[in-house]
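> Here it is, the structure, as structure tokens.
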Amino acid sequence: QQSTKAKVVDVHTHMYPPDYVKILESRTTIPLVRSFPGSSDPRLILLESEVPSLDSATHQEDGAPVPGRPLTKHYASLDQKMHFMDSHGIDISVISLANPWLDFLTPSEAGPIAASISANFSHMCAQHPGRLFFFAALPLTAPLDTILASINQVTSLKYCRGVILGTSGLGKGLDDPALLPIFTAIAASNLTVFLHPHYGLPNEVWGPRATAEYGHVLPLALGFPMETTIAVARMYLAGVFDAVPNLQMLLAHSGGTLPFLAGRIESCIRHDGHLVREGKVGPARRTVWDVLRSQVYLDAVIYSEVGLKAAIEASGGAERLMFGTDHPFFPPLESDELGVWESVTTNAEAVGRAVGLETEEGRGVMGGNAVRVLRLVEE
Ligand code: 5CU
């Protein structure tokens, strides 16, 4: 008998399958995995902002901190994912490859590796039917035909419900006209785009003290959300949402700063002489708000009721918000990683404070919206 209990769904939860870890281990430039003396787990080094500390550690400079973060078993082990779900009351996870996906592969290797990573994810989902679905990674460095064939292929996979995309697109960002056939194919296949940041902002923005003194705080807390905000603003200004009106996007980290800045973006558009002269600000224009309320979903990975309320307001209601954890990132540093993660409870508590966990809205954010939008039932 099917349980009628409201489902809790995690739409923002990553993995690096073992095959992907092997690729990272073979690399000498970021992204890479490397072991360092004195560090029990191998280190995962992903971000441009980690390159200075990688260089210092490589040259064995005195007092150089170990770069990156520990690559614990949480990243690659399916058993750990299931344990994490069970220990946090998560019924269903929509897993995705973590950043930077396949962005660094050569054009010829990208297609076959994308297919094998999707096969890994399909296999993991099939081991826990009804509990796991996935967003596939596309071979964006491959020729267009290969990318379109990959979209076609993942559409046929039983547990695939969308694609995870970074902000670089084919190398020129998401306002690149060359991406339109790709967005069109994704939308026609009824796949949701999960947009996730990776590249942040240039290192100089963080200043000379950042590497030694501020850890990963600035690139992760500010660089990631600004990157998402800029990517979606560029898509909006380029008319992508009008060109592909059935494109549906789920934005990581509650849309970066879009909920807070949408009004300012709108005002800048209405006051821009260039856009007005070009006839781009006429009465038929769909505003940023219109797009947010019809083509955009936001995850609820924002860690405070203040941000969450802004996301709900900007989306026109809680039915466009979906709970997520960002597992395996942000593990507890001072308690057992096999126990409850504060980064998860903070997000659930924010939902409780913003709309209540036992309300229709709260149940929707915690899982009902994801089940509805992403069709999270076995077909
Ligand atoms: O801690 C990090 O670097 C990250 C990351 O790389 N990706 C992500 O989704 N969250 C945190």
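The values are calculated or read from the model by the stated rules, or taken from the named source; none is laboratory data. It should be emphasised that the depicted structure is a prediction, and the values quoted were computed from it without experimental measurement. Positions of Cβ are backbone-derived with ideal geometry, glycine not excepted, and every protein chain shown enters the neighbour counts. These accessible areas exclude ligands, DNA and RNA; they are computed on the full protein's heavy atoms, side chains included. Shrake-Rupley method; radii C 1.70, N 1.55, O 1.52, S 1.80 Å.
> Which one of T229, T257, T211 is among the polar types (S, T, N, Q), more than 27 Å from C160 (Cα to Cα) and under 17 Å from the mean Cα position of the chain (by Cα)?
One residue alone meets the criteria, T257.
> Could you check D175 against (1) touching a residue at least 24 places away in the same chain (Cβ under 8 Å); (2) more than 30 Å from G111 (Cβ to Cβ); (3) out of contact with any strand residue (DSSP E or B) (no Cβ under 6 Å at 6 or more places or on another chain) and say which number it fails?
In the conditions (1) touching a residue at least 24 places away in the same chain (Cβ under 8 Å); (2) more than 30 Å from G111 (Cβ to Cβ); (3) out of contact with any strand residue (DSSP E or B) (no Cβ under 6 Å at 6 or more places or on another chain), D175 misses (2) alone.
> Failed condition for S108, given (1) farther than 17 Å from D19 by Cα; (2) of a type in the set (S, T, Y); (3) crowded, with 18+ Cβ neighbours inside 10 Å, with all others met?
For S108, the exception is condition (3).
> Another one. Among the residues in segment 303-315, are any modelled with pLDDT under 95 and part of a loop (DSSP other than H, G, I, E, B)?
Checked segment 303-315: no residue is modelled with pLDDT under 95 and part of a loop (DSSP other than H, G, I, E, B).
> Next question, about the same structure. Go through L237, L218 for me and flag whichever is open to solvent by 10 Å² or more (accessible area, probe 1.4 Å) and under 18 Å from S53 (Cβ atoms).
L218
> Check V296, V344, V340, V306 and return the single one that is away from the ligand (no atom under 16 Å from the Cβ) and buried (at least 19 other Cβ atoms within 10 Å of the Cβ).
Exactly one of V296, V344, V340, V306 is away from the ligand (no atom under 16 Å from the Cβ) and buried (at least 19 other Cβ atoms within 10 Å of the Cβ), namely V296.
> In addition: Select, from R363, R353, R375, the only residue that is on the phi > 0 side of the Ramachandran plot, away from the ligand (no atom under 16 Å from the Cβ) and open to solvent by 30 Å² or more (accessible area, probe 1.4 Å).
R375
> Something else about it: Since T257 meets every condition but one in (1) of a type in the set (S, T, N, Q); (2) open to solvent by less than 60 Å² (accessible area, probe 1.4 Å); (3) in contact with a Pro (Cβ under 8 Å, 6 or more places away or on another chain); (4) touching a residue at least 40 places away in the same chain (Cβ under 8 Å), which condition does it not meet?
Among (1) of a type in the set (S, T, N, Q); (2) open to solvent by less than 60 Å² (accessible area, probe 1.4 Å); (3) in contact with a Pro (Cβ under 8 Å, 6 or more places away or on another chain); (4) touching a residue at least 40 places away in the same chain (Cβ under 8 Å), T257 violates only (4).
> Six or more apart or on different chains, Cβ under 9 Å: which pairs go from a residue in segment 91-112 that's free of Cβ contacts under 8 Å to residues at least 40 places away in the same chain to one that's assigned to a strand (DSSP E or B)? Could you list them?
The qualifying pairs are L102/A137.
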